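Undergrad: Supplied in structure tokens, the structure appears directly below.
The values are calculated or read from the model by the stated rules, or taken from the named source; none is laboratory data. Predicted model only: the values in this text are computed from it and were never measured. Here Cβ is always computed from backbone atoms with ideal geometry, including for glycine, and neighbour counts include all displayed protein chains. The accessibility values were calculated without ligands, DNA or RNA, using every heavy atom of the protein model including side chains. Shrake-Rupley method; radii C 1.70, N 1.55, O 1.52, S 1.80 Å.
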Amino acid sequence: MLTKDIMTENPVTATELMSVAEALGLLYELDVRHLPVVRGSELAGIVSDRDLRGFTAPSEDEAIEAIEKARTSNVGNFMNTDPIRVDPETNVKDVVELMLTNRVGAIPVCDLDTGDLLGIVSYVDVLRAVQESLESA
């Protein structure tokens, strides 16, 4: 099985100048944990809910400060600028190995020649593929 068979194509993305508040809103609205960050169509990085967890307030007193900080901070300051990436022809077994070795929950799928983002494969995509193969067995 290849990455192109299980990846989420044309994922919602962030830009480096997007506010952290907007990115957190997207993560929450889409119920996802990772957003590829693009410059045009080229992958610039990836940001996860873990990267932004400092913007969640542990107490009500700190909530206003956390919200203001999230509104004035940009995603570009918190994203991973050198994410692991694979191409659509990468074997899913290799993607799983990369996820486990590097302890990441999602890997952008790119045209490795141009850097253009084509999709994203997450642990949820992998689990869904495993579930489908178990059901058909």
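Undergrad: For the range 11-23, check the following and say yes or no: at least one residue is in a strand (DSSP E or B) and within 12 Å of Gly119 (Cα to Cα). Quick ask: steps written out before the conclusion?
TA: Within the range 11-23, the subset in a strand (DSSP E or B) is 14, 19.
Of the ones still in play, those that are also within 12 Å of Gly119 (Cα to Cα) are none.
Among the residues of the range 11-23, not one is in a strand (DSSP E or B) and within 12 Å of Gly119 (Cα to Cα), which makes the answer no.
Undergrad: Of all residues being under 11 Å from the mean Cα position of the chain (by Cα) and among the aliphatic types (A, V, I, L, M) in the range 27-37, which is most open to solvent (accessible area, probe 1.4 Å)? Just the residue, please.
TA: Val32
Undergrad: Further, regarding this structure: Yes or no: Ile67 open to solvent by 60 Å² or more (accessible area, probe 1.4 Å) and touching a residue at least 40 places away in the same chain (Cβ under 8 Å)?
TA: Numbers: open to solvent by 60 Å² or more (accessible area, probe 1.4 Å): yes; touching a residue at least 40 places away in the same chain (Cβ under 8 Å): yes.
The answer is yes for Ile67.
Undergrad: Quick check on Asp49: is it over 15 Å from the mean Cα position of the chain (by Cα), open to solvent by 30 Å² or more (accessible area, probe 1.4 Å) and of a type in the set (Asp, Glu)?
TA: On the way: over 15 Å from the mean Cα position of the chain (by Cα): no; open to solvent by 30 Å² or more (accessible area, probe 1.4 Å): yes; of a type in the set (Asp, Glu): yes.
Spelling it out, it is not the case that Asp49 is over 15 Å from the mean Cα position of the chain (by Cα), open to solvent by 30 Å² or more (accessible area, probe 1.4 Å) and of a type in the set (Asp, Glu).
Undergrad: Might you check whether a residue that is of a type in the set (A, V, I, L, M) and part of a loop (DSSP other than H, G, I, E, B) occurs anywhere in the range 64-79? Before the answer, list the steps.
TA: Keep residues of the range 64-79 that are of a type in the set (A, V, I, L, M), which gives 64, 66-67, 70, 75, 79.
If we keep only those that are part of a loop (DSSP other than H, G, I, E, B) too, we end up with 79.
Yes, the range 64-79 contains at least one residue that is of a type in the set (A, V, I, L, M) and part of a loop (DSSP other than H, G, I, E, B).
Undergrad: Can you tell me which residue in the range 9-21 is modelled with the lowest pLDDT, limited to those that are crowded, with 16+ Cβ neighbours inside 10 Å and over 8 Å from Val75 (Cβ atoms)?
TA: My answer is Ala21.
Undergrad: May I pose another question? What number of residues within the range 75-84 are β-branched (Val, Ile, Thr) and either over 15 Å from Val47 (Cα atoms) or open to solvent by less than 70 Å² (accessible area, probe 1.4 Å) (or both)? If you could, list the steps in order and put the result at the bottom.
TA: First, the residues of the range 75-84 that are β-branched (Val, Ile, Thr): 75, 81, 84.
Pick out the ones that are also either over 15 Å from Val47 (Cα atoms) or open to solvent by less than 70 Å² (accessible area, probe 1.4 Å) (or both) and you get 75, 84.
Residues in the range 75-84 being β-branched (Val, Ile, Thr) and either over 15 Å from Val47 (Cα atoms) or open to solvent by less than 70 Å² (accessible area, probe 1.4 Å) (or both): 2 in total.
Undergrad: Suppose we keep only residues that are among the hydroxyl-bearing types (Ser, Thr, Tyr), open to solvent by 50 Å² or more (accessible area, probe 1.4 Å) and under 21 Å from Arg33 (Cβ atoms) within the range 85-137. Which one would you say is farthest from the chain's Cα centre (by Cα)? Let's see the steps before the verdict.
TA: Keep residues of the range 85-137 that are among the hydroxyl-bearing types (Ser, Thr, Tyr), which gives 90, 101, 114, 122-123, 133, 136.
If we keep only those that are open to solvent by 50 Å² or more (accessible area, probe 1.4 Å) as well, we get 101, 114, 123, 133, 136.
With under 21 Å from Arg33 (Cβ atoms) added as a condition, the list becomes 101, 123.
On the way: Thr101: 17, Tyr123: 11 Å.
Across the range 85-137, the extreme among qualifying residues is Thr101.
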